[in-house]
There are 2 protein chains.
Amino acid sequence: MENAEDTAPRRLRALPSRLINLVATSANRLVDRALATTGSRRYDYALLAALEEFGPASQAALGRRTGIDRSDVVATVNELSARGLVERSPDPADRRRNVITVTAAGIRHLALLDRLLSDAQDTLLASLTTAEREQFVGLLMRVADHLAASPPALRPDHRTAPQR
Amino acid sequence: MENAEDTAPRRLRALPSRLINLVATSANRLVDRALATTGSRRYDYALLAALEEFGPASQAALGRRTGIDRSDVVATVNELSARGLVERSPDPADRRRNVITVTAAGIRHLALLDRLLSDAQDTLLASLTTAEREQFVGLLMRVADHLAASPPALRPDHRTAPQR
DNA sequence: CAACCAACATTGGTTCGGCCAACAATATGG
DNA sequence: CCATATTGTTGGCCGAACCAATGTTGGTTG
């Protein structure tokens, strides 16, 4: 029973927001370490996945689809294009836009990341049966969808008091 | 149906690690905003809760119980004691230690934070029935416990390659 | 008791994700 | 034509979560 000190307070032990954070922290560590073996990060995967599924898109569109801030999309596209995984070219139809396109190497890299990520998910959920994993994912989706949809009170840009 | 661009790629939509992150992000926003109304943050709550439940303790012990890094405990205790919510005094029995004690004001503050947090949990899980919430928390605990216990591969200090 | 090693508090970093504000260039709708 | 939006970009901020190094003190143990 080693040290009794590693028991968290009861208040914390079952607090949903805390449990979610614990799991999220582990999940991120797991995922980050897996992706890091290829020199990629989570944003890279998100953009590559979006590009492969929906085809070439502007940076703004990518941001909308992945929930990544425009400014962060810039940095990620910089990095991806430096590695030859995507290409950035001006949109002739709208000269404000850049059209981002996945390269063949990008597709291959995405496949690799997919494998790594899939393993990470298994490690993460190792303690659940297949049925439980489905349950878990289902509940997560319910919560996530609801949060994304209804309450404007917790959207990123929501200002509560000093409106300025 | 406004803009079709806000649909995330299928790969991402059901990826457990991503769902968990989405929910965690919302949860944190919710909790942070609630606590911010009192000028407190998550670490404050964790330390106060640990102190109230287990009584006076050294900073190292607090860190172990809450999972907060020693260096971050220092900063949090600084802030809490500046607000008069805890007291830091040298341990006469072991002069390496500081004994941290909650003050009466600290207990009162904790009660306030408890209320705020409880509301935040309700908002977070608003889309689930009571039974589902229990299921959800149960699954989260299973996953969290398992991650905390078995795999040394994802503990904070785990070095993978350059052992040095 | 002298040497060592372990534990503690503290300082001072680092990294990453997730934001926001401001800007210039371009589109677009009235 | 003018006002307003959208886009890419730069530059910043903050909190969480770490890690390393330092000085002190405690506890062994040879």
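The values are calculated or read from the model by the stated rules, or taken from the named source; none is laboratory data. Just so you know, these numbers come straight off a predicted model, no measurement behind them. Note that each Cβ is placed from the backbone with ideal geometry, even for glycine, and that neighbours are counted across all protein chains shown. These area figures cover heavy atoms from the full protein model, side chains too; ligands, DNA and RNA do not enter into them. Shrake-Rupley method; radii C 1.70, N 1.55, O 1.52, S 1.80 Å.
Taking B:THR37 in one copy and the same position in all the others, each labelled 7 Å out along Cα→Cβ, what are the pairwise distances from the first, in nm, shortest first?
Label-point separations across copies, in nm and ascending: 4.7.
Would you mind calculating the gained length between B:ALA14 and B:ASP119 on full extension (0.36 nm times residue separation, minus the Cα-Cα distance), in nm to one decimal?
On the way: separation 105, 0.36 × 105 = 37.80 nm, distance 2.77 nm.
Length gained, B:ALA14 through B:ASP119: 35.0 nm.
Could you give me the ³J(HN,Hα) list for region B:140-148, computed from phi with Karplus coefficients 6.51, -1.76, 1.60 and θ = phi - 60°, whole Hz, x at Gly and Pro?
Per-residue couplings from phi come out as 4, 5, 4, 4, 5, 4, 4, 5, 5 Hz.
How large is the dipole of region A:36-82 about the Cα centre if only Lys and Arg carry +1 and Asp and Glu carry -1, each at its Cβ, rounded to the nearest 20 debye?
Working: 5 positive and 6 negative charges, 23 e Å.
Rounded to the nearest 20 debye, it is 120 debye.
Work through the residues other than B:ASP44 whose Cβ is under 10 Å from its Cβ and net out their charges, Lys, Arg +1 and Asp, Glu -1.
Its environment carries a net charge of +2.
Starting from the amide H of B:ASP91, placed 1.01 Å from N in the peptide plane, find each other amide H under 5 Å away whose residue is 5 or more places distant or on another chain.
Answer set, sorted by chain and number: B:ARG97, B:ASN98, B:VAL99.
How large is the helix-only mean residue ellipticity at 222 nm for chain B, computed as the sum of -39500 (n - 2.57) over DSSP H runs with n ≥ 4, divided by its residue count, in deg cm²/dmol to the nearest 500? Walk me through the numbers on the way to the answer.
Values: 7 runs with 100 residues, N = 164.
Helices in chain B give a 222 nm mean residue ellipticity of -20000 deg cm²/dmol.
Between region A:60-129 and region B:6-35, how many Å separate their Cα centres?
Spelled out, the Cα-based centre of one part sits 18 Å from the other.
With all protein chains present, calculate the accessible area of B:SER17 using a 1.4 Å probe and round the result to the nearest 10 Å².
B:SER17 exposes around 10 Å² with every protein chain in place.
Using a 1.4 angstrom probe on the protein heavy atoms only, could you order A:ASP44, B:ASP145 from most to least accessible area?
Details: A:ASP44 5, B:ASP145 95 Å².
Largest accessible area first, the list is B:ASP145, A:ASP44.
Taking the Cα atoms only, what angle lies between the long axis of helix A:16-36 and the longest principal axis of chain A, rounded to 10 degrees?
The angle comes out near 50 degrees.
What angle do you read, to the nearest 10 degrees and between 0 and 90, between the alpha-carbon axis of helix B:70-82 and the longest principal axis of chain B?
70 degrees
Any chance you could give the angle, 0 to 90 degrees and rounded to 10, that helix B:104-124 forms with the longest Cα principal axis of chain B?
Computed tilt is about 10 degrees.
With a 1.4 Å probe and all protein chains kept in place, how much accessible area does A:VAL99 have, in Å² rounded to the nearest 10?
Probe radius 1.4 Å; accessible area of A:VAL99 about 40 Å².
In nm, to one decimal, how far is the modelled label at B:ALA75 from the one at A:ASP32, with both set 7 Å along Cα→Cβ?
Result for the modelled spin labels: 1.5 nm.
With the dipole of the protein assembly as shown worked out from charges on the C-beta (+1 for Lys and Arg, -1 for Asp and Glu) around the Cα centre, which of A:SER127, A:ALA61, B:THR129 lies farthest toward the positive end?
My answer, from the dipole projection, is A:ALA61.
Using amide H atoms built in the peptide plane, which far-off residues or other-chain residues are under 5 Å from B:VAL86 H to H?
Sorted by chain and number, the residues that satisfy this are B:SER81, B:THR103.
Give me the inter-chain shielding for B:25-32: mean count of other chain Cβ atoms within 10 Å, whole number please.
Details: counts 8, 10, 11, 5, 6, 5, 4, 1.
Whole-number average of other-chain Cβ neighbours for B:25-32 is 6.
Using a simple charge model, +1 on the beta-carbon of Lys and Arg, -1 on the beta-carbon of Asp and Glu, nothing else, what dipole does chain B show about its Cα centre, in debye to the nearest 20?
On the way: 23 positive and 20 negative charges, 133 e Å.
So the dipole magnitude of chain B works out to roughly 640 debye.
Set the Förster distance to 25 Å, then compute FRET efficiency between A:GLU87 and A:MET141 from the Cβ-Cβ distance, nearest 0.05. Walk me through the numbers on the way to the answer.
Numbers: r = 33 Å, r/R0 = 1.33.
That pair, A:GLU87 with A:MET141, gives E of 0.15.
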